[in-house]
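S.K.: Take this structure first; my questions come after.
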Amino acid sequence: MLRLFAAIALVSSLVYGGEHEYAGPVSLGPVHIDKPSLLSRVLSELGKPNLPSARSYCFESEDHKVFVWFDTLAHHDSLVGDVLIGGSANCLDHTVNAVPSESLLWKTRQGITVGSTVDDVLDAYGKPSSEEKVSGNSYWWIIHGAAPKPVKAAERGSSVLVYRGDSTDLRTAQFGVREGRVVWIFLSCNE
């Protein structure tokens with residue numbers, strides 16, 4: 001009977017992919033997805049935004065090389081739930097706040113940032129949960145307010161490395177990749 005149960009468990013894990021622990025990054029700059037990130041703390045590092053009571057915030061470095069947006073948690077607007085950093089403009093429907101370039105030199109705890117190589121990501125976090133190709137209308141959501149036509153598809157990258165945990169873990173990390181380099185990073189602990 002014990003052998004039968006073990007065989008069923010093995011087959012289930014092969015068929016359904018099994019549950020696994022989250023292996024991706026837990027922070028990007030001042031935003032954490034392994035513990036609460038207070039909106040007030042993140043904003044204190046970036047400066048007062050032009051829209052102080054929004055649920056989404058957009059920032060751009062003064063040298064126009066780094067772009068960040070983040071959203072608050074669905075049911076806790078004092079906590080950050082999602083963050084995306086990239087090398088292309090990523091807010092079309094929000095006021096974008098300019099900040100000193102050094103304010104957006106955000107990296108993961110393992111040193112991964114926009115411009116890192118795919119090998120850097122794999123060395124830091126191991127094999128991703130999945131790798132997805134960017135095609136058609138996929139991944140337009142990385143640009144706030146983007147309809148599929150006004151934004152160049154190249155800004156979305158050509159593939160995405162995705163890190164997820166088991167079904168009870170809300171943490172997700174995604175790395176947009178083009179020509180072997182990271183072009184954007186998204187972290188989330190949101191519903």
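The values are calculated or read from the model by the stated rules, or taken from the named source; none is laboratory data. Predicted model, so just to flag it, every value in this text is computed and none were measured. Cβ placement follows ideal geometry from the backbone for every residue including glycine, while neighbour counts extend to all protein chains displayed. Calculation scope for accessible area: heavy atoms of the full protein, side chains included, ligands and nucleic acids excluded. Shrake-Rupley method; radii C 1.70, N 1.55, O 1.52, S 1.80 Å.
S.K.: Here is a list of conditions, (1) at pLDDT 75 or above; (2) among the small types (Gly, Ala, Ser); (3) surrounded by 11 or more Cβ atoms within 10 Å (Cβ to Cβ), and Ser12 meets all of them except one; can you say which number that is?
M.R.: Checking Ser12 against (1) at pLDDT 75 or above; (2) among the small types (Gly, Ala, Ser); (3) surrounded by 11 or more Cβ atoms within 10 Å (Cβ to Cβ), the one that fails is (1).
S.K.: Please go through region 47-81 and give me each residue that is surrounded by fewer than 21 Cβ atoms within 10 Å (Cβ to Cβ), under 14 Å from Glu102 (Cβ atoms) and touching a helix residue (DSSP H, G or I) at 6+ places or on another chain (Cβ under 6 Å), ordered by number.
M.R.: Ser61, Glu62, Asp63
S.K.: Taking region 30-46, which residues are within 18 Å of Ser101 (Cβ to Cβ) and touching a Lys or Arg at 6+ places or on another chain (Cβ under 7 Å)?
M.R.: Pro30
S.K.: Hey, can you tell me all the residues within region 173-191 that are touching a residue at least 60 places away in the same chain (Cβ under 8 Å), open to solvent by 10 Å² or more (accessible area, probe 1.4 Å) and closer than 18 Å to Asp120 by Cα?
M.R.: Within region 173-191, Gly180, Arg181, Val183, Phe186 qualify.
S.K.: Additional query: Can you tell me how many residues within region 26-45 are surrounded by fewer than 18 Cβ atoms within 10 Å (Cβ to Cβ) and closer than 11 Å to Ser78 by Cβ?
M.R.: Within region 26-45, residues that are surrounded by fewer than 18 Cβ atoms within 10 Å (Cβ to Cβ) and closer than 11 Å to Ser78 by Cβ number 4.
S.K.: Moving to a separate point now. Could you say whether any residue in region 121-129 is of a type in the set (D, E, K, R), buried (at least 19 other Cβ atoms within 10 Å of the Cβ) and out of contact with any Ser or Thr (no Cβ under 7 Å at 6 or more places or on another chain)?
M.R.: No.
S.K.: Out of everything in region 90-108 that is open to solvent by less than 60 Å² (accessible area, probe 1.4 Å) and touching a residue at least 60 places away in the same chain (Cβ under 8 Å), what residue ends up being farthest from Gly24 (Cα to Cα)?
M.R.: Asn90
S.K.: Would you tally the residues in region 136-155 being modelled with pLDDT of 80 or more, under 19 Å from Val182 (Cβ atoms) and out of contact with any helix residue (DSSP H, G or I) (no Cβ under 8 Å at 6 or more places or on another chain)?
M.R.: 1
S.K.: Among the residues of region 22-66, write down those that are among the basic types (Lys, Arg) and under 16 Å from the mean Cα position of the chain (by Cα).
M.R.: Result: Lys35, single match.
S.K.: For region 166-186, what are the residues that are within 16 Å of Thr117 (Cβ to Cβ) and assigned to a loop (DSSP other than H, G, I, E, B)?
M.R.: Hits for region 166-186 are Glu179, Gly180.
S.K.: So in region 111-120, with the set limited to residues that are among the polar types (S, T, N, Q) and within 15 Å of the chain's Cα centre (by Cα), which one is most open to solvent (accessible area, probe 1.4 Å)?
M.R.: It comes out as Thr113.
S.K.: Please count how many residues of region 45-90 are in a loop (DSSP other than H, G, I, E, B), among the hydroxyl-bearing types (Ser, Thr, Tyr) and under 16 Å from Thr113 (Cβ atoms). Spell out how you get there, then give the answer.
M.R.: Within region 45-90, the subset in a loop (DSSP other than H, G, I, E, B) is 47-55, 62-66, 74-75, 87-90.
From the residues that got through so far, the ones that are among the hydroxyl-bearing types (Ser, Thr, Tyr) too are 53, 88.
Filter once more, keeping what is under 16 Å from Thr113 (Cβ atoms): 88.
Adding up the residues that qualify gives 1.
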